[in-house]
Protein chains: 2
Amino acid sequence: MKILITAGPTREPIDPVRYIGNRSSGQMGAALADASLRAGYETTLILGPVSIPMPARVRRIDVETAAQMLDAVLREFPNHDLLIMAAAVADYRPKSVAKEKLGRHGTLTIECEATKDISAAANRMKRPDQRIVGYSLENDGAIDRARQKLHRKGLDLIVYNPVATMNAASIDSHLIYPDGRDEKLGSRSKAAFADILLERAVALFSA
Amino acid sequence: MKILITAGPTREPIDPVRYIGNRSSGQMGAALADASLRAGYETTLILGPVSIPMPARVRRIDVETAAQMLDAVLREFPNHDLLIMAAAVADYRPKSVAKEKLGRHGTLTIECEATKDISAAANRMKRPDQRIVGYSLENDGAIDRARQKLHRKGLDLIVYNPVATMNAASIDSHLIYPDGRDEKLGSRSKAAFADILLERAVALFSA
């Protein structure tokens, strides 16, 4: 079993100094990579800019933007069995990036465009022997939105978790399956959660 | 001598998940705090969100936004002799912060307004027995802009450094004084630069 994990935030440049970022710490990615390595799987981690340590034995591909993360996923997914997308990928990026640092003037308007959807792109290239697990970080109570996302993106499993999870040590999650099953895991440390998620994800191959 | 140092980036929230940030690593702040403590000065560090270690003995005040950094400077400056403003403070912040995570729609326009100028506010409260050192991170060759900033903000010394300095281990700088003196320091490690800057800043009190 070869496992590909995306984790961390992405940064979308505004100019050479400024960027739009998000509060993902990469803790979930570290926990998943650690769980996967302990279970004996070959593990590749595609990682946005984070500052926390990652397991030393993991094969690590560092990226910065959503576009770079997409490229890395498209390149790596064919060589892996399971893709777990735990990264908090930017949905938007500035339409144009200023070449020079923007000066201080009265106001600034940043026009943003949607980034390409990595789940959808991965789903289009998925072979019948591969599985994809996604995450859905939503405002409290928006579990229906996570369920819709699971179906729209053709995922095999989605982790619904509230916004408060981001940059926290624990995660309060539901696992949602395409057949309608819904497993409430409650609040757990990210390490304990990672072991369970990995077990459920590997079980998808014998379902 | 009591020294107050601002360092690191600030983050300006867009919604509970996303923010506008900048690439400041806090390395300059760590180097200045270390130099100041080694020289035997009482040292307070007002620090934006960074992930690198800071000297253990420093009195550290963590902030996130430009507004929080301004508040901390206004509160702390009266109890210090010297203020060194090495932080990369956001010039702009979103006019309004969304209470809930923004969904993915076609495009997004982020309207930003100027943040309050911390140098100017500190200068207004400065007593004759205090000194202020600023930084000016500019596009290559914009040393005139740094000189204008020195005069406009009433600083006692300004460090002009190019954008490439940000998040780098070294700094290629000029020190510019109100009397027209200009000292080109060239490229140095941030630790070596911090020792020199501190010496020049302390000399301002006997000038």
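Coordinate-derived values only; no laboratory data. Nothing here was measured: the structure is a model prediction, and the numbers come from that model. Using ideal geometry, Cβ is built from the backbone for each residue, glycine included, and neighbour counts are taken over all protein chains shown.
The GNM of chain B, with springs linking C-alpha atoms under 10 angstrom apart, assigns the highest mean-square fluctuation among B:ASP195, B:ASP62, B:ASP15 to B:ASP15. Taking B:SER187, B:SER96, B:SER36 in turn, the Gaussian network model of chain B (Cα-Cα springs below 10 Å) assigns the largest fluctuation to B:SER96. For chain B, the longest principal axis of the C-alpha atoms and the axis of helix B:66-76 are separated by about 40°. Each of A:SER189 and B:MET125 was given a label point 7 Å from its Cα along the Cα-to-Cβ line. The distance between the two points is 4.3 nm.
To the nearest ten degrees, helix A:190-203 and the longest principal axis of the Cα atoms of chain A are 60 degrees apart. For the residues of A:100-113, the average number of beta carbons from a partner chain within 10 Å of their own beta carbon is 6.
Between the Cα long axis of helix B:143-152 and the first principal axis of chain B there is an angle of about 90°, rounded to the nearest 10.
Helical runs assigned H by DSSP (4 residues or longer) give chain B a calculated mean residue ellipticity at 222 nm of -8000 deg cm²/dmol, each run adding -39500 (n - 2.57) before division by the residue total.
Using the beta-carbon distance between B:GLU100 and A:ILE52 and R0 = 41 Å, what value does 1/(1 + (r/R0)^6) give for FRET efficiency, to the nearest 0.05? FRET efficiency, B:GLU100 to A:ILE52: 0.95. Full extension of the chain between A:ASP179 and A:HIS151 gives 9.1 nm of extra length, using 0.36 nm per residue less the Cα-Cα distance.
Comparing A:ASP129, A:ASP156, A:ASP71 in a Gaussian network model of chain A (Cα springs below 10 Å), the most mobile by mean-square fluctuation is A:ASP129. So which lysines can B:LYS2 reach, going by Cα to Cα under 28 Å and dropping same-chain residues fewer than 8 places off? Cα-Cα hits under 28 Å: B:LYS116, B:LYS126, B:LYS149, B:LYS153, B:LYS184, B:LYS190. Put a plus charge on the Cβ of each Lys and Arg, a minus charge on the Cβ of each Asp and Glu, and nothing anywhere else: the dipole of the range A:2-203 about its Cα centre is then about 260 debye.
Could you work out the pair-distance distribution P(r) of chain A from its alpha-carbon pairs, with 10 angstrom bin width and percents rounded to whole numbers? Using 10 Å bins, I get a P(r) of 8, 35, 37, 14, 5, 1 for chain A.
Round to the nearest 0.05 the FRET efficiency obtained for A:ALA169 and A:ARG38 when R0 = 25 Å and r is the Cβ-Cβ distance.
Numbers: r = 19 Å, r/R0 = 0.76.
Calculated value: 0.85.
Shape index of the protein assembly as shown: Rg/Rh, with Rg the Cα radius of gyration and Rh the Kirkwood radius from the inverse mean 1/r over Cα pairs, equals 1.03. In straight-distance terms, cross-link reach from A:LYS101 covers every one of the aspartates and glutamates whose alpha-carbon lies under 16 Å from its own, apart from those fewer than eight places away in the same chain; here that gives A:GLU12, A:ASP15, B:ASP91, B:GLU138, B:ASP140, B:ASP144. Taken about its Cα centre, the range A:1-117 carries a charge dipole of about 300 debye when Lys and Arg each add +1 at the Cβ and Asp and Glu each add -1 at the Cβ. Compute the separation of the alpha-carbon centres of the range B:1-71 and the range A:88-149 and state it in Å as a whole number. The range B:1-71 and the range A:88-149 have Cα centres separated by 30 Å.
Give me the number: length gained by fully extending B:ARG60 to B:ILE196, i.e. 0.36 nm times residue separation minus the C-alpha to C-alpha distance, one decimal in nm.
My answer for the length gained is 46.7 nm.
Taking every DSSP bridge with both residues inside the range B:2-206, close to 40 percent are antiparallel.
When each of the peptides B:142-149, A:106-113 is scored by the mean number of other C-beta atoms lying within 10 Å of its residues, the order from highest to lowest reads B:142-149, A:106-113.
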